Structures are given as C-alpha cells and as structure tokens.
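See below for the structure under consideration.
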Amino acid sequence: MNITDKLKSVKNKRATKELTVTSAFNLTPNMRRITLQGTALSSFPKDAEGAYIKLLFSQLGNIKPTMRTYTVAQQRYELNEIDVDFMLHNNSLDHGIAASWSRSVQVGEEISIAGPGPANFINSEAEYFFLAGDMTALPALAANLKRLPKNARGQVFIEILSEADQQNLIKPENIEIHWIVNDNPGADESPLFDIIKQAELPIVLPHGKLAAWVACEFKTMKKIRQYLKFELGVEKSHLYVSSYWKKGNTEEQHKVVKQQDAKQT
C-alpha cells in the first residue's frame with residue numbers, strides 16, 4: 001500500500017458513516033443482534049469481522065455524540081451489511097446508552113458509525129491455542145475461531161450469563177469449547193479465571209508454542225494475564241490479553257483505567 005492509499009484508508013476509518021437498521025432480534029436471551037446496512041459500508045474491507053467500530057449516540061445537552069466501541073460480528077460485504085451484537089444485562093456495561101438503544105431501536109432507524117479499526121487476532125503460528133472471554137468478547141472470539149487452521153488443537157473458555165446464552169460457533173474440530181455460567185459478571189469472584197486455573201493446558205510443548213487470546217472484564221483480565229505470563233510463561237509474541245469493560249465504569253472511565261494499567265505492566 002502506497003502513501004496515498006494509506007492516507008485514504010485513515011480518512012475512511014475516521015469518516016462518519018450513516019447506516020440503517022434492517023433487523024433487530026435476540027440472538028440469545030442476553031445477546032441482541034442489530035443488522036446495519038448502507039452504501040457507506042462499500043468502503044469497508046472484505047474481512048472486517050472481528051474489527052471494531054464506534055457507534056455514535058446523540059444525547060440531549062451534549063454537543064458531541066457519545067461513542068461506544070463494538071465489534072463487527074458478521075459481515076455480508078456484497079450486501080453492504082454488518083451485524084453488531086449487544087450484551088444485555090441490567091445496562092451495567094455502558095450505563096445504558098448502547099444496550100438500551102439496541103433494545104428499543106426499530107427497523108428503518110439510522111445510526112452513525114466510524115471505523116473500522118484493526119482487529120486483534122491470535123497468533124496462528126502455534127501448536128496449541130487457548131482463547132477465553134466473556135459475552136462482550138464473543139463476536140471477536142468467534143472471528144478468531146474462524147481464522148484458526150483446520151488442524152488446530154486447543155481450548156476455549158467463554159463466560160455467559162445463562163445456559164441459554166450458548167451459541168453455535170464455527171471452529172476447528174479439535175478445538176474444545178467450555179461454557180461457564182456467571183450471572184454476576186464483573187464481581188470480585190472470577191468463575192472464568194477459576195475454571196481456567198483448573199484446566200489442563202500444556203505448559204511445555206514438544207514442537208511449537210502455546211498461543212493465547214483473552215478479552216473480558218478488567219479484574220478478571222488481570223488475573224488471567226498474571227497466570228498466562230508468569231505461571232505458564234506464554235511468550236509476548238503469542239499473547240493477547242485485553243479488558244473490554246470494567247464494572248461500574250463508563251467506556252471513558254475504563255479507557256483511563258486501561259492506560260494506567262498499561263503503564264504498570
């Protein structure tokens with residue numbers, strides 16, 4: 001890509017795109033899927049699944065719209081359509097702005113978005129794959145699973161609010177999925193971390209490396225990161241760990257917490 005193309009790409013990501021809601025339904029009891037369509041999506045790359053976008057919400061009294069970050073769950077490039085999934089749980093993740101919108105929005109309504117930003121995928125050069133996340137990370141996690149080699153071996157740990165929130169995910173045959181039910185995400189207790197600690201993960205591999213990808217609530221993320229880095233010794237090149245939210249924080253507050261955490265690690 002030459003300099004001109006790079007500048008065009010940056011400009012496209014920052015440009016606001018007006019999209020129309022064409023479908024809205026509950027994928028599971030606590031996950032709502034909104035389909036957005038518009039010719040502006042013709043500028044999206046064809047492999048946007050797993051990338052992040054910014055949804056722009058106008059609020060009374062605010063000059064600037066409030067932005068919330070979400071993942072492209074599915075993309076139908078030829079139709080200029082994307083699906084965005086919203087976790088529904090007492091509006092605790094974003095103080096109600098995005099989740100409430102997803103509950104009430106009607107087909108035909110419009111919303112502005114910006115993006116896409118880059119996706120973060122697991123290192124595919126590995127012998128064993130470990131992925132973990134909660135429901136906020138399910139779209140990104142699913143996009144990672146689709147990209148794994150067909151002969152990939154590994155385990156996936158997904159925290160959900162109820163048994164009924166399990167989804168049928170596309171994955172290699174030798175990837176095992178574990179569903180962990182936790183109806184109080186973000187609490188001091190971390191069922192996701194506890195189950196991971198009990199799992200049989202290969203610390204020493206005969207021919208290759210273990211690759212890990214983790215995204216979840218901030219407190220749980222820190223526990224899992226500590227375990228993977230210092231107890232299992234996963235190499236930096238094969239480790240991606242991120243918090244997607246922090247209980248009690250808005251996205252703006254969470255961003256500050258992440259920046260402070262990055263300085264300490």
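Summary table below
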read-out: Search result, residues across segment 233-255 that are over 21 Å from A98 (Cα atoms), buried (at least 16 other Cβ atoms within 10 Å of the Cβ) and not aromatic (F, W, Y); value: V234, H238, L239, V241
read-out: Number of the condition not met by P185 [criteria: (1) modelled with pLDDT under 95; (2) surrounded by fewer than 19 Cβ atoms within 10 Å (Cβ to Cβ); (3) on the phi < 0 side of the Ramachandran plot]; value: (2)
read-out: Unmet criterion (only one of (1) closer than 18 Å to T136 by Cα; (2) in contact (Cβ under 8 Å) with a residue 24 or more places away in the chain; (3) open to solvent by 80 Å² or more (accessible area, probe 1.4 Å)) for H207; value: (1)
read-out: Residue among Q106, Q74 that is under 21 Å from A24 (Cβ atoms) and assigned to a loop (DSSP other than H, G, I, E, B); value: Q106
read-out: Residues satisfying the stated conditions in segment 114-153, i.e. buried (at least 23 other Cβ atoms within 10 Å of the Cβ), more than 12 Å from the chain's Cα centre (by Cα) and more than 22 Å from D47 (Cβ to Cβ); value: F130
read-out: Strands (runs of 3 or more DSSP E) contained in segment 125-198 and holding at least 2 residues among the aromatic types (F, W, Y); value: 128-133
read-out: Exclusive hit being open to solvent by less than 60 Å² (accessible area, probe 1.4 Å) and hydroxyl-bearing (S, T, Y), set T66, T39, T16; value: T66
read-out: Any hit, segment 161-173, residues being basic (K, R) and over 22 Å from L239 (Cβ atoms); value: no
read-out: Criterion violated by E49 - all others in (1) open to solvent by less than 60 Å² (accessible area, probe 1.4 Å); (2) in a strand (DSSP E or B); (3) of a type in the set (D, E, K, R) satisfied; value: (2)
read-out: Selection within segment 74-102 - modelled with pLDDT of 95 or more, touching a Lys or Arg at 6+ places or on another chain (Cβ under 7 Å) and more than 16 Å from K17 (Cα to Cα); value: D85, F86, S102
read-out: Cβ-Cβ under 8 Å pairs, at least 6 apart or on other chains, segment 109-128 side under 13 Å from W213 (Cα atoms), far side of a type in the set (F, W, Y) and open to solvent by 60 Å² or more (accessible area, probe 1.4 Å); value: A119/Y52
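The values are calculated or read from the model by the stated rules, or taken from the named source; none is laboratory data. Because the structure is a prediction, the values reported are computed rather than measured. Neighbour counts are summed over all protein chains in view; Cβ atoms, including those assigned to glycine, are modelled from backbone coordinates with ideal geometry. Accessible surface areas use protein heavy atoms only, side chains included; no ligands, DNA or RNA. Shrake-Rupley method; radii C 1.70, N 1.55, O 1.52, S 1.80 Å.
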